[in-house]
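What follows draws every value from the coordinates through simple rules; no lab data is involved. Keep in mind the model is a prediction, meaning the values are calculated, not measured. Cβ coordinates were reconstructed from backbone atoms using ideal geometry, including for glycine residues, and neighbour counts include every protein chain displayed.
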Amino acid sequence: MIQKILVANRGEIAVRVMRTCKEMGIQTVAVYSEVDRTSRHVTYADEAVKIGLASASDSYLNVDKIIDAAKTFKVDAIHPGYGFLSENATFARRCKEEGIIFIGPSAESIEAMGDKISARKKMIEAKVPVVPGTSEDLKPKDLFKVCRKIGLPVIIKATAGGGGKGMRLVYEEKHLQEAYDAAKSEAMASFGNDSVYIEKYIESPHHVEIQFLGDTHGNVVHLFDRECSVQRRHQKIIEESPSPFIDNKTRLAMGAIAVKAAKSINYVGAGTIEFLVDNDMNFYFLEMNTRLQVEHPITEEVLGVDIVKEQINIANGRKLSFRQSQLHQRGHAIECRIYAEDTENNFAPAPGVIHSIQTPKGLGVRIDTHIYTGYEISIYYDSMISKLIVWATNRDVALERMRRVLYEYKITGVKTNIDYLRRIMDNREFVQGNYTTHFIDDNANKLQKGNELEDEIEDIAIIAAYIDYVVNSNDSQSTIADNQPINRWRAFGKQKGVLRI
């Protein structure tokens, strides 16, 4: 049985994993870099050890140092969180060689899904729908022939890629060669591998993913869907569950495909399959993430499941604690990723010292974070400082709750994206729930500070129409149950077609 776990990560995810360990009576060991010596995950753990300088390569990505720490502190298992070494097959294999349980899938599963071409091949073999494209390293001589076969637009991707690196979108054939060369060059610089492949570009897709769990006894269940289409620079900033776009038939079909895909590679642990969904509800495999996802809390909130606890139980050799038939989505959850960034400067990271924090509270509110007053946001790591999660009985109430908690959440000392997220919550397209991965780009001007004039003008028009209707109508039954006047007017606008939403 696992009695002590080393968490090979930092920040909010390290703290989140440790909290579940504490509930399970499992001791924890934190590893930290020089700049993280006062980080919350260090003080929260039962034991902690410095493993290197600030750079990730010298600390959180250093396999030898982490393995040495695990052996020194005599841990039974290592939880990698997400990022860093979480999808590193060499690390997973090294843990096994050293007799340490890696809380995650096998090295073989990580390798099968880590390379995009390999993953496509595996999914095609498992009869999982994939976007039309190539399943081999794309050679220069085949570039134009393949492109003409699948049709423009196309997207060229690095086989070892992620985070938008080694990726080029091509709408015109005359730009194909230039995009191909640029993608290969960036792929080599970012991943040490210049292999690329090509896919048909799905215009205005929805990004929907399915969480799943598999145990060592052959049981695999899906934990339903998450909508992840609100992205900047190919990185998610808002997620919600269930997806407001897909219908239940599509939801269940995607879940069944995810289970089938996981079983095809004998997957053990927590994983996620990401899909692109077009406007006709056709869905296509995008990639499999062989780790815990940043956005896992919203799945936990709508299902009442602790995914980290399930990971640990699976690593202990136990069966899943539930069957598929026992899992049901209840209510609606939304997660906003709070970043220290300058939204008016292309979302550039904004490191600095936190001067003060005012956190929201109340029913259905969860904050996964590691920051505190006086904490310094480092230049060395990702600038996400917390995840703000709300749950409510339905999406409308969840949106209202998220608006309220974003208003209450105050962080001073560094620039954050909180106001930007508030504007998204008020955006008509987002409220309608039919947004795509182009949402941020399509609404770039509206979402920037000071560009709310169009909304204000429309509000005035709605109010005027409402007053005119009340004055000139004999319909005494026309009432709208809402205590807030502007919401009453907006609801009226929707009823009478004045409001575009």
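A few points about this structure:
- Summary: within the chain, the longest segment free of chymotrypsin sites (Phe, Trp or Tyr not before Pro) located in DSSP loops with at most 13 other C-beta atoms within 10 Å is 172-371.
- Karplus-based coupling profile of region 241-256, in residue order and whole Hz: 9, x, 5, x, 9, 6, 8, 5, 4, 5, 4, 5, 5, 5, x, 5, with θ = phi - 60° in 6.51 cos²θ - 1.76 cosθ + 1.60 and x standing for Gly or Pro.
- Residue order, fewest to most surrounding Cβ atoms within 10 angstrom, among Lys121, Lys249: Lys249, Lys121
- Those residues of region 340-368 whose amide nitrogen sits under 20 Å from the label point placed on Glu400, 7 Å along Cα→Cβ: 360-366
- Hz values of 3J(HN,Hα) by residue in region 371-384 - Karplus curve (6.51, -1.76, 1.60), Gly and Pro given as x: 8, 7, 4, x, 6, 9, 6, 7, 7, 8, 10, 4, 8, 5
- Taking other residues whose beta carbon is less than 10 angstrom from the beta carbon of Glu23, and scoring Lys, Arg as +1 and Asp, Glu as -1, yields +2.
- Tilt relative to the chain, helix 116-125 - C-alpha long axis, 0 to 90 degrees, to 10: 80
- Of the GluC sites (Glu not before Pro) found in region 115-187, the ones in coil according to DSSP and having at most 15 other Cβ atoms within 10 Å of their Cβ are Glu136, Glu172.
- Region 4-103, relative contact order in percent, only Cα pairs under 8 angstrom and at least six apart counted: 29
- Fewest-first ranking of Cys228, Cys147, using other Cβ atoms within 10 Å as the exposure measure: Cys147, Cys228
- Alpha-carbon centroid distance for the pair region 309-332 / region 39-88, whole angstrom: 27
- Look at where the Cα atoms of region 337-351 and of region 211-283 average out, and the two centres are 28 Å apart.
- Set Lys116/Lys145; Lys22/Lys387; Lys200/Lys319 screened for pairs whose C-alpha atoms are more than 30 Å apart: Lys200/Lys319
- Here region 212-279 is assigned +1 on the Cβ of each Lys and Arg and -1 on the Cβ of each Asp and Glu. Its dipole about the Cα centre then comes out at about 140 debye.
- Structural descriptor for region 187-293: relative contact order 28 percent, calculated from alpha carbon pairs under 8 angstrom and at least 6 residues apart.
- Computed lengthening from Thr373 to Asn219, 0.36 nm per intervening residue step minus Cα-Cα distance: 51.0 nm
- Local electrostatic count at Ser33 - Lys and Arg +1, Asp and Glu -1, tallied over other residues with Cβ under 12 Å: +1
- 14 Å beta-carbon shell around Ala183, net charge (K/R +1, D/E -1): 0
- Folded to 0 to 90 degrees: helix 453-472 orientation relative to the chain principal axis, Cα: 40
- Ratio of the Cα radius of gyration of region 217-332 to 2.2 N^0.38 Å, where N counts its residues: 1.04
- Here the calculated FRET efficiency for Lys139 and Glu34, from their Cβ-Cβ distance with R0 = 60 Å, stands at 0.85, rounded to the nearest 0.05.
- The relative contact order of the chain, computed from alpha carbon pairs under 8 Å that lie at least 6 residues apart in sequence, is 12 percent.
- Under the Karplus curve 6.51 cos²θ - 1.76 cosθ + 1.60, θ = phi - 60°, whole-Hz ³J(HN,Hα) for region 143-156, x wherever Gly or Pro sits: 3, 6, 4, 5, 4, 5, 5, 8, x, 7, x, 10, 10, 9
- Within the chain, percent of DSSP bridges classed antiparallel, to nearest 5: 80
- Were the residues from Glu429 through Leu152 laid out at 0.36 nm apart, the gain over their Cα-Cα distance would be 97.0 nm.
- With 0.36 nm allotted per residue and the present C-alpha distance subtracted, the His438-Asn193 stretch has 85.3 nm of extension available.
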